[in-house]
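Undergrad: This is the structure I have questions about; it appears just below.
The values are calculated or read from the model by the stated rules, or taken from the named source; none is laboratory data. Fair warning: this is a prediction, and the values are worked out from it, not measured in the lab. Note that we place each Cβ from the backbone using ideal geometry, even for glycine, and neighbour counts take in every protein chain shown. Remember, those area values only see protein heavy atoms, side chains included, never the ligands or the DNA or RNA. Shrake-Rupley method; radii C 1.70, N 1.55, O 1.52, S 1.80 Å.
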Amino acid sequence: METVRKWVQVIMGFLMNGSWSFPFTRTIYQGPLKVICAPGLNCYSCPAATTYCPMGSLQQLLGGLRFALENGQYYFGFSVLGSIGILGGLFGRMICGWACPFGFIQELLHKIPTRKFGVPRLLSHGKFVFLFLFVIVLPLALVDESGIGSPWYCKFVCPAGTLEAGIPMLLLQPNLRNTIGLLFLNKFVIMLIFLTWAIFASRPFCRTACPLGAFYALFSRVRLIKLRLDEARCTNCKACHHVCPMGVKFNESPDDPECITCLACMNKACKFDAISLEIGGIPLAVPDRGISLSSKP
Amino acid sequence: MSQTSSNSRKKSPLRKAPIVVIAAFLLLWLIGGATGEPGRVLEQAVQVCLSCIGIG
């Protein structure tokens, strides 16, 4: 199942970044597919991006809300919220584990053999701060003289944007290199910190600073597809604690907002079949020993 | 046999909350679509936002 997940990550990465004409056009894809919402954090200023980033678009719409309202346009970000809300209701943070290109990059970096460390649980609240403050409040509240706010998260934090868009655009358009300043340096350092951190800890960005992960985490209890714990079968052996890339103690917290449904606990750890995948309450899969559509005996 | 299937039904009730949540966000998406928001999103997404990616 881990191989299947890796292939899904690769395919999703290519679907969200499927425009490979940029070496010739030296700019980003500008076709109609960009009206489709990317399920994961994938910068739409990436030269290969074929979809829009929900966090980037939401900030842009909220930043321009006053200006839009003055012109009789009601752009509250409902279509963006609706798109990621539908995805959240269906999959929740399963998207982080299966469809986010930046999550996949972190997983690959974590394969570099070094001593590994955990991520303090307290830091996991950081992503909710970034979602509330940098994606919603600051773009809405701090506006310039023409009433337009900045996309604060993209502008000052997002390491995915620096890696997928900032650096490639500098390579494609050499004249942009003259405009590099403190803003880029700040974002470059943030990117380096998270990429280096990902070598030593599992998915540190997803756990501490991703606003899209924070949004999907809000659906942990109500998402359609999720893992289920059979308490009667669970022996509290804690094997699931050791394999979870997000530091979830599944037997203690089956609806944990950090769970990305990578299925490692179900397939690699639990020997008692206490963990299963369900859709809307109906069991779907038993551990990797075989997938079935029927419920377990 | 019928007792077993009755028990499994009790253990695995169909969860309605996700359906309600998805329906609510689908409604939100439709409202956004009706206001012409996707057009605005597309306008923004086809332009390189230099300050957004830390350049300029």
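Undergrad: Would you confirm, using the coordinates I've provided, whether A:Val10 is open to solvent by 20 Å² or more (accessible area, probe 1.4 Å), within 11 Å of another protein chain (Cβ to nearest Cβ) and not basic (Lys, Arg)?
TA: no
Undergrad: Out of the residues in the range A:226-268 meeting the condition of being in contact (Cβ under 8 Å) with a residue 40 or more places away in the chain and acidic (Asp, Glu), tell me which one is most open to solvent (accessible area, probe 1.4 Å).
TA: A:Glu231
Undergrad: Please enumerate the residues belonging to the range A:29-65 that are free of Cβ contacts under 8 Å to residues at least 24 places away in the same chain and touching a Pro at 6+ places or on another chain (Cβ under 6 Å).
TA: A:Val35 - this is the single residue of the range A:29-65 that is free of Cβ contacts under 8 Å to residues at least 24 places away in the same chain and touching a Pro at 6+ places or on another chain (Cβ under 6 Å).
Undergrad: Pick from the range A:248-285 the residues that are modelled with pLDDT of 95 or more and on the phi > 0 side of the Ramachandran plot: which of them is farthest from the other protein chains (Cβ to nearest Cβ)?
TA: Of everything passing the filter in the range A:248-285, A:Leu263 is farthest from the other protein chains (Cβ to nearest Cβ).
Undergrad: Mind checking which residues of the range A:25-62 are at pLDDT below 95, small (Gly, Ala, Ser) and surrounded by 24 or more Cβ atoms within 10 Å (Cβ to Cβ)?
TA: Passing the criteria: only A:Ser45.
Undergrad: Report, by residue number, each residue of the range A:122-157 that is among the small types (Gly, Ala, Ser) and open to solvent by 50 Å² or more (accessible area, probe 1.4 Å). Show your work before the answer.
TA: First pass over the range A:122-157, keeping only residues among the small types (Gly, Ala, Ser): A:124, A:126, A:141, A:146-147, A:149-150.
Listed by number, the residues that qualify are A:Ala141, A:Ser146.
Undergrad: Assuming A:Leu133 fulfils every condition listed in (1) in a loop (DSSP other than H, G, I, E, B); (2) closer than 30 Å to B:Val48 by Cβ; (3) not β-branched (Val, Ile, Thr) apart from one, which condition is it?
TA: With (1) in a loop (DSSP other than H, G, I, E, B); (2) closer than 30 Å to B:Val48 by Cβ; (3) not β-branched (Val, Ile, Thr) applied to A:Leu133, the lone miss is (1).
Undergrad: For the condition polar (S, T, N, Q) and either at pLDDT 95 or above or touching a strand residue (DSSP E or B) at 6+ places or on another chain (Cβ under 8 Å) (or both), what is the one hit in A:Ser83, A:Ser21?
TA: A:Ser83 is the lone residue from the list that is polar (S, T, N, Q) and either at pLDDT 95 or above or touching a strand residue (DSSP E or B) at 6+ places or on another chain (Cβ under 8 Å) (or both).
Undergrad: Please determine whether any residue of the range A:106-121 is in contact with a Gly (Cβ under 9 Å, 6 or more places away or on another chain), of a type in the set (Val, Ile, Thr) and either open to solvent by less than 10 Å² (accessible area, probe 1.4 Å) or within 16 Å of A:Asn42 (Cα to Cα) (or both).
TA: No.
Undergrad: Out of the range A:232-260, which residues are more than 26 Å from A:Leu212 (Cα to Cα) and in contact with a helix residue (DSSP H, G or I) (Cβ under 8 Å, 6 or more places away or on another chain)? Outline the logic, then answer.
TA: Going through the range A:232-260, the residues more than 26 Å from A:Leu212 (Cα to Cα) turn out to be A:232-239.
Matches in the range A:232-260: A:Ala239 only.
Undergrad: Another question, if that's okay. Within the range A:63-117, work out how many residues are over 24 Å from A:Leu142 (Cβ atoms), more than 8 Å from chain B (Cβ to nearest Cβ) and not in a loop (DSSP other than H, G, I, E, B).
TA: Going through the range A:63-117 one residue at a time, the tally reaches 18.
Undergrad: On to the next question. Counting only residues that are open to solvent by 30 Å² or more (accessible area, probe 1.4 Å) and away from chain B (no Cβ under 13 Å), which one in the range A:196-225 is farthest from A:Asn267 (Cα to Cα)?
TA: Here the answer is A:Thr196.
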